[in-house]
Amino acid sequence: MNSDSFQAPSPRLFLRKNFLQLFHALKQLGYQILGPVLSQGAIQWKTITAPEDLPIGWNDRQEPGSYRLEQDSHSRFFNIIHGPESLKPLTFTSRETLLVLDRQDHTFSAKEIQPEIKPTAVLGVRACDLAGLAIQDRIFLNDTYPDPYYEQRREHLLLVAVNCTKAHPACFCASMATGPKAQYGFDLCLTEADEDFLIEAGSRKGLQVLEQLTCSLASEERIIQDKERIAACAASQTRRLPTANLPDALYEAHDHPRWDQVAARCLSCSNCTMVCPTCFCHGVEETPSLDFQQSEHTRVWDSCFAPDHGYIHGKNFRPTTKDRYRMWLTHKLASWIDQFGTSGCVGCGRCITWCPVGIDITEEAQALSQPSD
Amino acid sequence: MVETQFSPYRKQPRVAVVKFASCDGCQLSILNLEDDLLALGAAIDIAYFPEASSNMQEGPYDIAFVEGSITCPEDLPRILELRQQTTTLITIGACATSGGIQALRNWSDIEAFKQAVYPNPEYIQSLSTSTAISEHVSVDYELWGCPIDKRQLLRVLTDLLQGVSPRIPTHNVCIDCKRQGHVCVIVSQGLPCLGPVTRTGCGAICPSMGRDCYGCFGPAEHVSVQPPGVPPNMTSLAQQFHQHLQLIPVEMVRRFRGINGSVQSFSKESDAWESK
């Protein structure tokens, strides 16, 4: 949500010992602050009030089907790259009551439910999260039918990004050109070092916050040094998607034997779609009261791996796991481009880490783009 | 109740709650619908519910909720009789729907149990198996769980009262976990959670407490009385438990042979591990 005319001033240095100033500045502007907080063996977005609430000195170790936290001797705030939650739950909520219907004799009235939304600053947003949000913006804020619930939540967000200077083994943002440096969509952006942060504004809102902080101008040398750290992070990524020939290769792979092989492993459990920053499928539930006088109309997260997703009157179009996996992967990496002008994948690697059996989207795409014998 | 033109029940439907071999927990779930009991009492005629009332009226019934599995010779005529007396028969809970935890006897020698437990085993008349209601009579709807989810039961009744076919969700526990913001316990803790292959309904209680699901709502998408879905991929999940979470074969058998161990997709997997 950058304004076009915004000219970013050159990056500043912001000392770690002054970090509480950022909390004060955001609070003064009326924001509640969310940040990564240790929770249930991972990190989740939760309300924070001081730097001590951040997972200081913790690291994440991510592999296909496995996520573990470990403590180290550093005192960095943002050493955990990410948890299962992207920004998605903050804008496209998992459960949203849209309408309440009230019965009156032979007719009914519908009351629209407006959520209460507070201005929210999110600390520790990654480049892949921003890229995911930009894709969801295209879906939910398109010109014809902007989604008012998404729109309101989106407008109330102030995003403080953190550039990644290390990658976990499931990361492949470099091959998707979405990271590890936050390129767009942030209000403030930090690059963390041992004693301080390089901090830059990405919007007027962000600049307004930045002006409240005690900072010094960053030296050219330091800026280059941080650029190199981010470049090294990109270079360290071992996974990649073969993006160049992908849409065509996948369209041609409709009858590829690989689909049967992946279906033998896939649980059709929906975890990949639920943690994906861009998956947007939802269903609508109608919950009537026992006396039939009222009914609640609620939107909930759905998944193309769920049994009802491909079900229409009398027929399920995607009865098998193979149908569902093929649908998901082909949409995500190919027909998404036709539909929205961008890939549906940002390379965050969440679907790899959080798949209970560790299915790797990059490995599958690679195999499917090879001709079958 | 408000009568709609589609409602099959012109008056309050006569409802029976009938017990076979079970712990009564599912019946208690009905009584635990405290906030809705008055509305429920106004909407239905509770004709037979010994757990709640000594006023036990004879059939026929519009709706019967059946708890418990078939374990004794006298259960057989009872369930056939009830089926004849009932328009819409709904099983409630793991016992009635899959045979329940007592179906572990299906892998054992019931005679040996009798000899070991009872001083006069000759008085015990018990079948050698515990079986689901659907193995004996046709069942219209199944509510899984140990115990059932009371909201799910209320929803089925609400739908029936409106003349709508109840639509009982068959997706898995993972979707509920993610909707509620719980972190996956398989991935973050290495616990052998059955959530990916287990049907929704409980509200993801165990993972919300940091524990692994043990499948008390039965297999996801397994539908014996509704159009078929995909049998859940037990084998792939089992391989993951064995290879990455280091469960040994005997633990694998126990994992899949639990509260709903007798239902085919679970029993196939536990049997496969028994021979390893």
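The values are calculated or read from the model by the stated rules, or taken from the named source; none is laboratory data. All values reported here derive from a predicted model rather than from experimental measurement. Note that each Cβ is placed from the backbone with ideal geometry, even for glycine, and that neighbours are counted across all protein chains shown. Keep in mind that these areas ignore ligands, DNA and RNA; they rest on the heavy atoms of the full protein, side chains included. Shrake-Rupley method; radii C 1.70, N 1.55, O 1.52, S 1.80 Å.
Summing -39500 (n - 2.57) over the DSSP H runs of n ≥ 4 in chain A and dividing by its residue number, what mean residue ellipticity at 222 nm do you reach, to the nearest 500 deg cm²/dmol? Mean residue ellipticity, 222 nm, calculated: -7500 deg cm²/dmol. With K and R counted +1 and D and E -1, the other residues having a Cβ less than 15 Å from that of residue B:270 yield a net charge of +2. Candidate cross-link partners of residue B:19 among the aspartates and glutamates, defined by an alpha-carbon separation under 12 Å and a same-chain spacing of 8 or more, comprise B:51, B:67, B:75. Over the protein assembly as shown, accessible surface divided per residue gives 44 Å², non-protein components excluded, 1.4 Å probe. Between residue A:6 and residue B:72, the modelled labels are 7.4 nm apart [label points 7 Å from Cα along Cα→Cβ].
Spatial offset of segment A:148-167 relative to segment A:313-373 amounts to 25 Å, using the alpha carbon center of each. The accessible-area loss of segment A:29-53 on complex formation, taken against its chain alone with a 1.4 Å probe, reaches 40 Å² or more at A:40.
Dipole magnitude for segment B:14-161: computed about the Cα centre from +1 point charges on Lys and Arg Cβ and -1 point charges on Asp and Glu Cβ, it is near 120 debye. Volume per residue for the protein assembly as shown equals 189 cubic angstrom (convex hull of Cα atoms).
So how much accessible surface do B and A hide from each other in total, probe 1.4 Å, in square angstrom to the nearest 100? Chains B and A together bury roughly 3200 Å² of accessible area.
One chain, two ends: residue A:286 and residue A:184. Fully extended at 0.36 nm per residue, the span grows by 32.9 nm beyond their Cα-Cα distance. Estimated translational diffusion coefficient (Stokes-Einstein, Kirkwood radius over Cα pairs, 10 °C, 1.306 mPa s) of segment B:23-129: 99 µm² per second.
Among residues other than residue A:68 with Cβ under 11 Å from its Cβ, the summed charge is -2 (Lys and Arg +1, Asp and Glu -1). Cross-link pairs exceeding 25 Å between alpha carbons, from the set A:118/A:205; A:227/A:332; A:27/A:181; B:150/B:178; A:181/A:332; A:46/A:111: A:227/A:332; A:27/A:181; A:46/A:111. Using Cβ point charges alone (K and R +1, D and E -1), the dipole size of the protein assembly as shown about the Cα centre works out to roughly 920 debye. Relative to its residue count, segment A:246-368 spans a Cα convex hull of 133 Å³ per residue. With a Förster radius of 30 Å, plug the Cβ-Cβ distance of residue B:164 and residue B:104 into 1/(1 + (r/R0)^6) and report the FRET value to the nearest 0.05. The value I calculate is 0.20.
The Rg/Rh ratio of segment A:162-287, with Rg taken over Cα atoms and Rh as the Kirkwood radius over Cα pairs, comes to 1.11. The apolar share of the surface of segment B:14-161, taken as the fraction of accessible area on carbon and sulfur atoms (1.4 Å probe, ligands and nucleic acids excluded), comes to 53 percent. The Cα-based radius of gyration of chain B, divided by its Kirkwood radius, gives an Rg/Rh of 0.99. Compared with its chain on its own, segment B:187-206 contains the following residues whose accessible area drops by 30 Å² or more in the full protein assembly (probe 1.4 Å; ligands, DNA and RNA excluded): B:187, B:188, B:196. Inter-chain Cβ neighbour count for A:321-333, averaged per residue, equals 1 (cutoff 10 Å, partner chain atoms only). Legend: calculated FRET efficiency, residue B:243 to residue A:235, from the Cβ-Cβ distance at R0 = 45 Å, rounded to 0.05, equals 0.90.
Given chain A, report the % of alpha carbon pairs whose separation exceeds 33 Å. That fraction is 35 percent.
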